[in-house]
Protein chains: 2
Amino acid sequence: MKNWLISPEDNKEIVISSRIRLARNIKNIFFPHKLKEEEGRDLVNTIEEAFYSSCNTTQDYSTYYLWQSDPLNNNIYLDKHLISSKLLSNYMSAAFIINKDETVSIMINEEDHLRIQCITSGLNLEETYDAANKIDDLLEEKLDYAYSEQLGYMTACPTNIGTGLRASVMIHLPALSMSNEMTGVFNALTQVGMTIRGMYGEGSKSRGNIYQISNQVTLGVSEKEILDNLKAVVNHIINQENLAREKFIKTYEYELKDRIYRAYGILKSSFIMDSAECLSLLSNVRFGIEMGIINDIDKNTLNELMVNTQGAMLQKVYNRELSDRESSIYRAELLRKSLNRQSI
Amino acid sequence: MKNWLISPEDNKEIVISSRIRLARNIKNIFFPHKLKEEEGRDLVNTIEEAFYSSCNTTQDYSTYYLWQSDPLNNNIYLDKHLISSKLLSNYMSAAFIINKDETVSIMINEEDHLRIQCITSGLNLEETYDAANKIDDLLEEKLDYAYSEQLGYMTACPTNIGTGLRASVMIHLPALSMSNEMTGVFNALTQVGMTIRGMYGEGSKSRGNIYQISNQVTLGVSEKEILDNLKAVVNHIINQENLAREKFIKTYEYELKDRIYRAYGILKSSFIMDSAECLSLLSNVRFGIEMGIINDIDKNTLNELMVNTQGAMLQKVYNRELSDRESSIYRAELLRKSLNRQSI
């Protein structure tokens, strides 16, 4: 499995990453929100023990206990989509286990006792699911999962019950966004039991034209059906996006180049930039790379910048809390240094 | 005298150009708006004869008869502030004589029979006036000016009567504009008999933060008084602008650099740009040069771009009328080519 920040070699690939999440709970133990602090930490120990005793490649994994670890560091994992803000809010009894490549993260005492997550680059749902499933099987040998013959895996929230599986794909849809076709996409996806969210911010408004498409239904369908349906839907959206792109370049060649090169020019020269503008400009440059218009920068650099300009990494570099203005100044500096051979 | 497009060596100079205009009319001939076409052309001949027979350096001058000349070409002189749109609208009987350096232009049958103009770079009112005055003296030897002992030189519009002198200075005031202090400047200037106008557009709204300050009163004051007053006023405004600039760089260093470098970045990378945005961005870059923030471009290039992106030059290069979209595309191309060593 490849870290999602490392883009597939094909620049035309508009799917950024694929993610699988399995929600599991341990029998006869309260769900995390009902657990006392000590009980929560005991459960962390139990799960950790089960994991490390069954896992063959223990040397690749590290555990972070949130009540001990560095908040700045944790926020970076948040920006990389490896852990959730829900986990961080349970910091007194939550923990996570993560591998070196940062493709696997096991959250303990998030909404459920266990959230097994695998995230890889590109459209890669089967391989990602297989990796998560393997970890799930290993843990199931040691742990007594809360499972009902009728309903499947029990979860804290009924929307996850059954398979406990959420499969999702992070996808870059600038042409559909620019041509105001996202509302249609939203409605169509809802009708086939899928959810689409802006990657940054839960609402339908997406920053940087990056969306996350995932299955809504977890009950009454098999894992294979969930993956197949999602894959079919994503491929359909990729086609729509590509059609919209072709139309754009035919009708608005100069407007498109203007938008893309201006974005690149501004990213290379600004001295103050907020996070929203940054994501939006990075999206335009990504669009330029995907269209073959910009050739002197690769998508890995963009992925890194997308994560590293999100605030947490900036705070980490300067090793302190930053005001919004400071973040905007350092963000602009990071962008200039990274995108210009010589810094201004 | 130096062509105004060639900037003084001092980058801190915020006065772009100084201009002198003398309005003169010939005795016993109707003002231009009352002249028949043929009478107008006869007058053109008379004045031309008077000029070339008295001028020592005839080889440096060319005459353009508007009823014969190329409109695209004339529009370029308009963009260079060497002729007026009023002259162009009288094209059936108007003409202009211009020297090689483009520092002298004599308009025939504009609002008055004669408009002697000299325009030079920087704050240079005396030298510019001397040049215009010399031409005026030469012409006066051959032509019988409409002159009243009581009022002075007679003109078609009473606002020019007396000296017929309009002295004006083109000045770049970004800091006063950004700090919303221009209204105060406007009011103060009106009270001391001066006029300030946006360089592009007659109203108080200026594109590109470039203003033209000129004397309002032409009657009851001597030429020297007019020049001295204007110079004093301009020096006062230069001081105010410099104070505003110091304040800016102290309080908003990053905001200022951001504005300046973004403008430069956009000018180097856009594919579509309208004239208003272009002037505004060029102003920001000019500000950067004047503040010593940008060092890899000189103001001559900016002056040329300011003129050459105004539409007429674009039409001339492509030798046809251009739609707004076409102009915006060619303008962006010109800017990219001129500001990047290699074109994109």
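For first residues located in segment A:44-55 and under 19 Å from A:PHE30 (Cα atoms) and in contact (Cβ under 8 Å) with a residue 12 or more places away in the chain, partners that are of a type in the set (S, T, N, Q) and not in a helix (DSSP H, G or I) and lie 6+ apart or on another chain with Cβ distances below 8 Å form the pairs A:VAL44/A:SER93; A:VAL44/A:ASN109; A:GLU48/A:THR63. Residues in segment A:126-134 include none that are in a loop (DSSP other than H, G, I, E, B) and more than 15 Å from the chain's Cα centre (by Cα). Once segment B:112-123 is narrowed to residues that are farther than 14 Å from B:ARG166 by Cα and assigned to a loop (DSSP other than H, G, I, E, B), the residue that is modelled with the highest pLDDT is B:HIS113.
Taking A:TYR211, is it within 15 Å of A:MET182 (Cβ to Cβ), hydroxyl-bearing (Ser, Thr, Tyr) and either open to solvent by less than 50 Å² (accessible area, probe 1.4 Å) or part of a helix (DSSP H, G or I) (or both)? Criteria met by A:TYR211. Note on segment A:214-234: among residues that are assigned to a helix (DSSP H, G or I), touching a residue at least 60 places away in the same chain (Cβ under 8 Å) and out of contact with any helix residue (DSSP H, G or I) (no Cβ under 6 Å at 6 or more places or on another chain), the one that is farthest from A:GLU126 (Cα to Cα) is A:VAL234. The numbered conditions (1) without any contact (Cβ under 8 Å) to a residue 12 or more places away in the chain; (2) closer than 23 Å to B:ASP10 by Cα are all true for B:GLN150 except (2).
Every residue, every condition in (1) touching a residue at least 40 places away in the same chain (Cβ under 8 Å); (2) polar (S, T, N, Q); (3) away from chain B (no Cβ under 12 Å), yes or no:
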position	(1), (2), (3)
A:LEU305	no, no, yes
A:THR309	no, yes, yes
A:LEU314	no, no, yes
A:ARG320	no, no, yes
A:ARG325	yes, no, no
A:LYS337	no, no, yes
A:ASN340	yes, yes, no
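Do you know which of the residues in segment B:298-329 that are outside any helix (DSSP H, G or I) and out of contact with any Leu (no Cβ under 7 Å at 6 or more places or on another chain) is modelled with the highest pLDDT? Here the answer is B:SER323. Only one entry in B:GLY292, B:GLY265 is within 22 Å of B:ILE6 (Cβ to Cβ) and of a type in the set (Gly, Ala, Ser), namely B:GLY292.
Can you tell me which residue within segment B:240-268, out of those that are among the aromatic types (Phe, Trp, Tyr) and within 19 Å of A:ARG259 (Cα to Cα), is nearest to the other protein chains (Cβ to nearest Cβ)? Full working, then the answer.
From segment B:240-268, those among the aromatic types (Phe, Trp, Tyr) are B:248, B:252, B:254, B:261, B:264; that's our starting set.
With within 19 Å of A:ARG259 (Cα to Cα) added as a condition, the list becomes B:261, B:264.
Numbers: B:TYR261: 4, B:TYR264: 6 Å.
Of everything passing the filter in segment B:240-268, B:TYR261 is nearest to the other protein chains (Cβ to nearest Cβ).
Scanning segment A:269-287 for residues that are within 13 Å of chain B (Cβ to nearest Cβ) and closer than 17 Å to A:SER179 by Cβ gives a single hit, A:ASN284. Scanning segment B:112-170 for residues that are within 18 Å of B:ASN229 (Cα to Cα) and acidic (Asp, Glu) gives B:GLU126, B:GLU127, B:ASP130.
Set side by side, the residues B:TYR261, B:TYR254 differ, and just one is surrounded by fewer than 17 Cβ atoms within 10 Å (Cβ to Cβ), of a type in the set (Ser, Thr, Tyr) and in contact with a helix residue (DSSP H, G or I) (Cβ under 9 Å, 6 or more places away or on another chain), which is B:TYR254.
The values are calculated or read from the model by the stated rules, or taken from the named source; none is laboratory data. Computed from a prediction, not measured in an experiment: that's the story for all the values here. Neighbour counts run over all protein chains shown; Cβ positions are idealised from the backbone, glycine included. These accessible areas exclude ligands, DNA and RNA; they are computed on the full protein's heavy atoms, side chains included. Shrake-Rupley method; radii C 1.70, N 1.55, O 1.52, S 1.80 Å.
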